[in-house]
Structure formats: C-alpha cells, structure tokens
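A.B. asks: Let me begin by handing over the structure; questions about it come next.
The values are calculated or read from the model by the stated rules, or taken from the named source; none is laboratory data. Please read all numbers here as calculations on a predicted model, not as lab measurements. Neighbour counts are summed over all protein chains in view; Cβ atoms, including those assigned to glycine, are modelled from backbone coordinates with ideal geometry.
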Amino acid sequence: MQVVRPAVEWELASLLREAAERAMPLEIIGGGSKRAFGRSVQAAKAVVTSALRAISLYEPSELVMSALAGTLLADVERELSGKGQMLPFEPIDLGPVLGAETGLGTIGGVFATNLSGSRRVLAGAARDHLLGVRAINGRGEAFKSGGRVMKNVTGYDLARGLAGSWGTLAVMTEVTFKVQPKPETTATLVLIGLADEIASEVMCLAMGSPYEVSGAVHLHEPVVGRLWNATLRGAGGSVTAIRLENFAKFIAYRKERLGKLLGPYGEVHAVDEATSLAFWSELRQLSALQRQSTPLWRLSVTPTSGPKIVKAIAQHMQVEAVYDWSGGLIWLGVPSAADAGASDIRRVIAHHGGHATLVRAAPAVRAAIEVFQPLEPGIDRISRGLKAAFDPAGILNPGRMHASF
Amino acid sequence: MSSIALPEPDPTICANRNAIVAALRSLVGEAAVIADDDGRRAFETDALTAYRRMPLAVVLATSTADVAKVLRYCSGAGIKVVARGAGTSLSGGALPAEDAIVLAVAKMSRVLEIDTANRTATVEAGITNLAITGAVAPHGFFYAPDPSSQLACTIAGNLGMNSGGAHCLKYGVTVNNVLGFKIVLMDGEIIEVGGKHLDAPGYDLAGLIIGSEGQFGIITEVTVRILRAAEGARPMLMGFNSSKAAGACVSAIIGSGIIPVAIEYMDKPAIHVCDAFAKAGYPMDVEALLIVEVEGSEAEISALLERITAIARPFGPTVIRVSASEEESARIWKGRKSAFGAIGRISDYYCMDGTIPLGRLPEVLVKIGEICGRHGLKVANIFHAGDGNLHPLILYEANDAEQVRRAELAGAEVLTLCVEVGGCLTGEHGVGIEKRDLMRVQFSDTDLAVQMRIKTVFDPAWLLNPAKVFPLEGREAVLQAA
C-alpha cells in the first residue's frame, strides 16, 4: 500500500482533490491505533496525518488548546499536565485491546472516533469538548467551523458533525478543544461482590448525589482477576468503583457522605490514592480486556437497562462485562463465533434500546457483519446524504463504518 | 431597524392563502390554525422587534403527528415554514415571512417522563426551559443551561439556537445537555435521534441539528440530561477600577484550577441600570463588576470563596462582598438576569452577542467604546467572562431613523472586531436574520458552501426558515460553484 504523509494543509487538499477526480479511495489514518476496529478499508493508498504535528495554541487561563490533527495524544496530555490541566473526557487508548501498541493515538483520531473514558459520565464526551476544526472534505476543499471560544453558534456545528465520523466525511487537519484543570485529589470508593443489578443501583445513586462523582464502573469477577493493580485484583469478587475528584480539602467530606449513602449496599472500602490513580489509569486502556483475541463489544445503553441486557445476552453465550458510565457503556467480552454473537446481541439491544458496536473480532468476522449498529431508515437516509455532501466521490474511508457508504 | 433585506414574498403562494388555510384546517382542525389579522399579528415578530412580517397563517401544533401532517402538506405545496417556540429570539430566528406559515410548538408542553436513576427528563418541545427545572426540582435535580429568557423560551428554541446562559462555564450549553430528540423532517418523516443512552450510533446528527436554527426540521420531543443540584450555591461581588484588572482577575481564577459555575462581568453603565431596576446592591463607584458563583457544601463554598478572594487581591479589587443570604443571592442574580429588561426601560437598545478570547477583553472594551462613540451612541457591556461571550448593548432611539442606522453600523463593526480578535459573531443568540449578512466576515465561501450543502440534505427545497443564517446574495452561486 502506498502511504502519503502530507505535512501542510494545502498538500493534503490537493491530494484529496486529485483522488476525488479519479474516484480513488483512500484510507485515512492518524496513528493507526484503531485500524483493527470497524470495517477495513479497501484502498491502494493511505493518507497518514502524522506529519501534521504541533500544538498551535494553548491558553491555560482560557481553558483552550489547538493542535494539528496528527499530534500524539500523549504529547497533548504532557503539555496540558505541565500546566496542571487535562482533557476532561479522559480519552481511552483502544490500541492495546486491538493488538496495537499503547500510545499511538493522535488527537485527530480521538475526535474522529469520539473516544471518551470514564469521566465522560460527569464531564461529557470528546465531542462535547470540540470547539472548532479545520478540515479537508472529499472534494479537496479546505474549510473551518467553530472557533476557539466555548460558546459559538455562528453557523452550523460542523465540528461536532465530524466528531465520531471515523474519517468518512473529511480529514481534520486541526482541532481546537476545551481543557480543564486537573483535580487536586482523587479518591475511590469500592464495593466488592455486588450482583450487576445492585451495582447498577449503586452507580446510579452515586451519580444522582451532589458530590460530583466522576467515574462509576462495575467489573465482573473474571475481569477483576486480570487487573494489573494487585490490591484490586485480589478483591475476590466483582468490583464496583466510584470516583471522586476535587480539592483535597473537600474530598474527605464527600467521601464520608457518599460512603454513608452507599453503605446499605455493602461494605464500602476506600483505597489509597496510589491504588485509585493506578486503577483509573489502567481502565483508560481497558487493561483487563487486553491480550485476548475473543470478540469484544461496546454497548451503549440506558444505564439502568444494562444488567437486564447483559443477563439476556448471557442466556445465549458466556459473557464478561465491564460497566462504565454508570452502566451506560458496557464492554462485553464474548466467545468466538461466526458472527461474534451479533444476531443475539443486536436482538436483545433492539428490545431494550441502545446500540452495539463490535470492537474486536477477526477480520473475516468484521467483514461479514455490520460492525457499527445498523441505522434506522430515516437516519440512514440522512447519513448517506451527508456522506454525499462531504465526499461525493466516496473516496474517504469507504465502507469504514457501514458497508454501503 | 430596517436595513436587513428580506426576500419578496411569492405572489402565487400569497394569492392562494385561503385555500392553504382551508387545507391546514382540514389537516389539524379549525382551532389549531390562526388566520385572522389580529391573531396573526401576535406572531409577526420575535424579540428582534424592529422586523415584522405577517405570516400566511399560524399552526399551533399539539402533536408530532400534526407537525408531520403539516410539513408533508407544505413540502408538497412548496410552502415555506418558520418554526417557532416562544418567539424570544434576539436574532430574528423566528421572524415570519408573508409567504410562509408559522408552525408553533408552544402548545406541546407536557413532561413525558422523569427518570432520576438515569438522570433524564423527556419533554415535549414546547415546554419552557424553566419548567423543566421546575418539574425535576422536587427530585433534587435541575436542567443546566439557563438563558436569561428561561422563564419564557422553549426547549425547542433552545435546541434551535443551541442556547447558552450564565451557568454554562461549568455545565456547557444546550448541545452538551441533550441526549436525544424527535424531529420531523420537511417531507413529514419523523426520526428519532439519540435516546436515553449517552451516545447515538452513526454520525453525530444531534450535534449537527442542535443550533441549526430551525432549518433542518421541527423538533417535537426532547430527552435532556438532568443534574443533581449542588448542596448549595453562593455568589460574591468584586468591584474593580479597570476592565483590565477585572479581566486579569478572571484569568487568574480560571488559571488557578477553580471552575466557578458562573463568572459574570458588568461595566459601569450596566451596573447602574441593573441596580436601579433590581436593587441588587451592586457597588456604584466601580468601573467593572464581577459576579462569581460557586457551589458545594457550606464549608466548600466558604473555602472556595476564600480562595478566590485571595487570588483576586493582587488585582486590587475595591469591593469584595460575599452574599450573606439567599435573598441577597437572588437579588444579585436578578440584577444580572434582568439586564436586558432594565436597559430596555431607559432606552431602546441593540443587543450584540459576540464572543472574544478572554485575554482580549480590555482592548475590545476600549474599542467598542470608541466605535459607539464615533457613531454618537452609548453602550453598556455585559459579559459571560468565564466563556468569552460578550453582550454589548448599544443604546439608541428607535424613532430616530438616523440613530437606528448608526446603531446597526456600530453593531456590525463591533461583531467584526470580535471576529478579528479570534472570537465569533454569535455566542448564544444565533445568526437569524440579524447576523446573516455578516457571515462572510467569519466564513469563506467554501466554509459557507459546506454548511449550505448540509441544509440541502435535510431540506432539499430550502423551505424551512429559508431567509436566515446565510447571506441571501450569492446563495445560488455558492451552491453551484461547490
């Protein structure tokens, strides 16, 4: 495969213009951390954004940063950390669960796939923090949308429209996003051995408290046994973890109040800060789901329906689950099968609401089934229209999300 | 004001008015269609009152099915449709046209479901912003975005304009607080975007549709994220002798790692007018006033306010006062939230809505003073300092055509200035008709073409709220060239 690495915006624009004229499909790649996710693109040429690499603006007192799309996420986070700030949506690194190395991800890739981690439940998703973009569409036109200020309703919100579009509408060249101060202290309350239904109640109760819970997860016992952190790995049952982040001065009070609130559900353990940080950090790369080749699904559901959905799926196959986002996001590991369990999983989801995406599976399986949730007819029609408006020749990552566009 | 061109109505449509009214009545019933002059006149403008147009007819929809029927009919008959919530748009977003019907959703105002475990509320789109908080408050929850018009404005309009408010610094704007909605497209198709789960499959249609100013479809039901209210909240006032000191103080607070729920800035003219109206107890002898609000438990609030006070000291505040009671807090906010009304009592005003990077505030305020001075007009400035959203209120006399003209000229210069310093034309009011012709200040023809093609995907014949958002001139050329 031919690989090109444009170093400036006009170079990328002329490349795409030329490809559009010849209707030549291109695979769009940032760091390549998620190439094994989704449907694979049949293209003779790949455009890699890695040469578009720089932090172009950082104003800590305005909580805003701009970076060229190929800038490594690690570089962005290092720069922010130097000023005591962070990406509030805590993007996860999907590379390792997909068999790639850690740390390959680019900031453009984070927004193109709308990658958010545990703090999403409090702070919002990647797309909620995207303020502006510069991008090249499939016609080779350079355009911008949004800006560098938090409030902006000037024209349509194309920045958000591009978030989560997996490089199928346009190639982002620069992203501008909102950042936040890092919390002074992190504390985690842990309950051990809760059944899913009870854990769901605990997480929802915590999220509905006034203590600004910034993470609510529940891990099935086999998953707990594979955690890297020894303290939690030895928990001896499922782990339900609730995170508080704030000024040190406030944490003790909030921990105590929240502990009381959750007390009726079981013994509430407080782990030390080092364990706490290590735990949330390994969750950011789905530590316990790595080094496997069995199918991994990502379910997005109404939080309280999570346990019902997992139970219903478990009637058809063996499952292990990591509930994140207070149960609204479920990472579901299932045994290998011809369709990776798709028909049963999607049938259950159709009954309860939500959607399912196949994250990890053998290439043949990913080629054979709809990896992303099949779209409702009305949504499908609009989505095709958008694809045609941005990329009429269909050159950008064709088939990456859905087989037919 | 009158300098914004509105397209000539289509005489064929206008001539056919009686038949159109009859057809609408047969679809949604006699009572739901307003066709008499007095009835229609109530809908001829929104909060940009200088512009008025009698609509062809007004449909007061009571169900999603009604909306679908009306849109399907209008689509077939080539009739334009202007969506309307409560008509509080400051940018003319709900301004009717003589050859368009107004489709109002304000009668659809029921709360359909409150789900505190999943922290969502599902409502009909005509419910007011404040009524959502009213419905969930007994459970200890609230809906975060709080535009100043929240008592009147509808959630439908909030989605249309992606409305903000004073408390967006911490909680984000409308798009960050909506999980899903039902929208009727121009051809009558009803689609559901998102739901009660946190992210929707496929492209981020919610992100695209929210803020599309009623040009993509009519939203009839909305599922919003509700949040548990903090244990308490308290504002403090800080007065400064210069805008520079106040602006630097805001930077220092945010740079320190504290994100207050709100940081509001008022300049001297705004302070005086608002205090006279609301008896808010603002200090009168300062050039700039900050209202900083924090949340948490009693002890947390005290600790945060102490910390903010210490951060502010080096910037030489002449007044620092923490609200001592619920009543005082309410008065402080009443002064700020009624700013537009208070200024409206003493003068006609033209409310601008630009955004700027915070660091440019002192320089921008000086230049705004110069611009308005050059046009012989006074100005008062209100600023959501935490998020860079500036509301200069240019005072003028509406009965004086020359002053009207100068106010519009000054306004355009102010917004151009905002774009030049790295900001944008509108932070939360939307483009509407008001800033339509300034869009090329911020966007290239390609930028606009990329946006306009999306409009065509949702509404191929451009029947929904058509004369808004994009400059009228060059629309055809831009679309064809693209």
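A.B. asks: Tally up the residues in the range B:301-316 that are buried (at least 16 other Cβ atoms within 10 Å of the Cβ) and touching a residue at least 60 places away in the same chain (Cβ under 8 Å), please.
C.D. replies: 6
A.B. asks: Further question: Collect the residues in the range B:417-439 that are in a loop (DSSP other than H, G, I, E, B) and among the acidic types (D, E), keeping them in residue-number order.
C.D. replies: Scanning the range B:417-439 gives B:E428, B:E434.
A.B. asks: Only one of (1) at the interface with another protein chain (Cβ under 10 Å from one of its Cβ atoms); (2) within 13 Å of the chain's Cα centre (by Cα); (3) part of a loop (DSSP other than H, G, I, E, B) fails for A:D128. Which number is that?
C.D. replies: All conditions pass for A:D128, except number (3).
A.B. asks: Select from the range B:65-82 the residues that are more than 14 Å from every other protein chain (Cβ to nearest Cβ), over 24 Å from the mean Cα position of the chain (by Cα) and among the hydrophobic types (A, V, I, L, M, F, W, C) and list them in ascending order.
C.D. replies: Result: B:A65, B:V70, B:C74, B:A77, B:I79.
Every residue, every condition in (1) crowded, with 24+ Cβ neighbours inside 10 Å; (2) at pLDDT 95 or above; (3) more than 30 Å from A:L205 (Cα to Cα); (4) within 14 Å of another protein chain (Cβ to nearest Cβ), yes or no:
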site: B:R84; (1), (2), (3), (4): yes, yes, yes, no
site: B:P96; (1), (2), (3), (4): yes, yes, yes, no
site: B:I101; (1), (2), (3), (4): yes, yes, yes, no
site: B:A117; (1), (2), (3), (4): no, yes, no, yes
site: B:A131; (1), (2), (3), (4): no, yes, no, no
site: B:A137; (1), (2), (3), (4): no, yes, no, yes
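A.B. asks: Can you tell me which of B:V319, B:V292 is within 25 Å of B:N389 (Cβ to Cβ) and either crowded, with 19+ Cβ neighbours inside 10 Å or basic (K, R) (or both)?
C.D. replies: The conditions single out B:V292.
A.B. asks: Sort out which residues of the range A:245-260 are crowded, with 18+ Cβ neighbours inside 10 Å and either among the charged types (D, E, K, R) or free of Cβ contacts under 8 Å to residues at least 60 places away in the same chain (or both), and write them in order of number.
C.D. replies: A:E245, A:F250, A:R254, A:K255
Conditions tested, residue by residue: (1) out of contact with any Asp or Glu (no Cβ under 6 Å at 6 or more places or on another chain); (2) assigned to a loop (DSSP other than H, G, I, E, B); (3) farther than 12 Å from A:F250 by Cβ.
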site	(1), (2), (3)
B:Y282	no, yes, yes
B:V292	yes, no, yes
B:S302	yes, no, no
B:R307	yes, no, no
B:P314	yes, no, yes
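A.B. asks: Among the listed residues B:I291, B:I301, which satisfies the condition of being within 14 Å of chain A (Cβ to nearest Cβ) and either in contact with a Lys or Arg (Cβ under 7 Å, 6 or more places away or on another chain) or within 20 Å of B:A330 (Cα to Cα) (or both)?
C.D. replies: Of the residues listed, the single one that is within 14 Å of chain A (Cβ to nearest Cβ) and either in contact with a Lys or Arg (Cβ under 7 Å, 6 or more places away or on another chain) or within 20 Å of B:A330 (Cα to Cα) (or both) is B:I301.
A.B. asks: Further, regarding this structure: Can you tell me which residue among B:L227, B:L304, B:L208 is modelled with pLDDT of 95 or more, of a type in the set (A, V, I, L, M, F, W, C) and farther than 29 Å from B:G85 by Cβ?
C.D. replies: After ruling out the rest, the residue left standing is B:L304.
A.B. asks: Can you name the number of the only condition in (1) assigned to a helix (DSSP H, G or I); (2) surrounded by 20 or more Cβ atoms within 10 Å (Cβ to Cβ); (3) touching a Lys or Arg at 6+ places or on another chain (Cβ under 8 Å) that B:F277 fails?
C.D. replies: Of (1) assigned to a helix (DSSP H, G or I); (2) surrounded by 20 or more Cβ atoms within 10 Å (Cβ to Cβ); (3) touching a Lys or Arg at 6+ places or on another chain (Cβ under 8 Å), only one is false for B:F277: (2).
A.B. asks: Filter the range B:169-185 down to residues that are more than 7 Å from chain A (Cβ to nearest Cβ) and of a type in the set (S, T, N, Q), then give me how many there are.
C.D. replies: Residues that pass the stated criteria total 2.
A.B. asks: Please work out which one of (1) on the phi < 0 side of the Ramachandran plot; (2) more than 21 Å from the chain's Cα centre (by Cα); (3) of a type outside the set (V, I, T) is the condition A:L296 fails and give its number.
C.D. replies: Status for A:L296: all satisfied but (2).
A.B. asks: Continuing with this model, one more query. State whether the residues of the range A:335-353 include one that is buried (at least 19 other Cβ atoms within 10 Å of the Cβ) and at the interface with chain B (Cβ under 8 Å from one of its Cβ atoms).
C.D. replies: The answer is no; no qualifying residue exists.
A.B. asks: For the range A:58-80, name all the residues that are out of contact with any Lys or Arg (no Cβ under 7 Å at 6 or more places or on another chain) and farther than 18 Å from A:G31 by Cα.
C.D. replies: Within the range A:58-80, A:Y58, A:E59, A:S61, A:E62, A:M65, A:E79, A:L80 meet the criteria.
A.B. asks: Next question. For the range A:113-122, how many residues meet the condition of being closer than 22 Å to A:N246 by Cβ, in contact (Cβ under 8 Å) with a residue 40 or more places away in the chain and within 9 Å of chain B (Cβ to nearest Cβ)?
C.D. replies: Final tally of qualifying residues: 2.
A.B. asks: Please work out which residue is nearest to the other protein chains (Cβ to nearest Cβ), limiting yourself to the range A:211-234 and to residues that are over 24 Å from A:T304 (Cβ atoms) and among the small types (G, A, S).
C.D. replies: A:G225
A.B. asks: Scan the range B:119-129 residue by residue and report those that are free of Cβ contacts under 8 Å to residues at least 40 places away in the same chain and within 11 Å of chain A (Cβ to nearest Cβ).
C.D. replies: The answer is none; no residue qualifies.
A.B. asks: Of the conditions (1) more than 9 Å from every other protein chain (Cβ to nearest Cβ); (2) hydroxyl-bearing (S, T, Y); (3) within 28 Å of A:I349 (Cβ to Cβ); (4) in a loop (DSSP other than H, G, I, E, B), B:Y203 clears all except one; give me its number.
C.D. replies: Against the list (1) more than 9 Å from every other protein chain (Cβ to nearest Cβ); (2) hydroxyl-bearing (S, T, Y); (3) within 28 Å of A:I349 (Cβ to Cβ); (4) in a loop (DSSP other than H, G, I, E, B), B:Y203 comes up short only on (1).
A.B. asks: Moving to a separate point now. For the subset of the range B:336-365 comprising residues that are within 14 Å of chain A (Cβ to nearest Cβ) and touching a Leu at 6+ places or on another chain (Cβ under 6 Å), which member is surrounded by the most Cβ atoms within 10 Å (Cβ to Cβ)?
C.D. replies: B:G354
A.B. asks: Next question, about the same structure. Consider B:G188 carefully, then state whether it is more than 7 Å from chain A (Cβ to nearest Cβ), within 30 Å of A:G399 (Cα to Cα), modelled with pLDDT of 95 or more and surrounded by fewer than 24 Cβ atoms within 10 Å (Cβ to Cβ).
C.D. replies: yes
A.B. asks: Conditions: (1) under 24 Å from the mean Cα position of the chain (by Cα); (2) surrounded by 23 or more Cβ atoms within 10 Å (Cβ to Cβ); (3) at pLDDT 95 or above. A:T154 meets all but one. Number of the miss?
C.D. replies: Just one mismatch for A:T154, condition (1).
A.B. asks: If you don't mind, another one. Is it fair to say A:R134 is within 8 Å of chain B (Cβ to nearest Cβ) and touching a residue at least 24 places away in the same chain (Cβ under 8 Å)?
C.D. replies: no
A.B. asks: Among the residues of the range B:255-280, which ones are of a type in the set (D, E, K, R) and within 14 Å of another protein chain (Cβ to nearest Cβ)?
C.D. replies: Hit for the range B:255-280 is B:E264, nothing else.
A.B. asks: Here is a further query. Exactly one of these conditions fails for A:L277: (1) within 25 Å of A:G103 (Cβ to Cβ); (2) over 21 Å from the mean Cα position of the chain (by Cα); (3) surrounded by fewer than 20 Cβ atoms within 10 Å (Cβ to Cβ); (4) among the hydrophobic types (A, V, I, L, M, F, W, C). Give me its number.
C.D. replies: Condition not satisfied by A:L277: (2).
A.B. asks: Pick out, from the range A:336-403, the helices (runs of 4 or more DSSP H) lying fully within it that include 1 or more residues that are over 25 Å from A:K45 (Cα atoms).
C.D. replies: A:342-352, A:377-390
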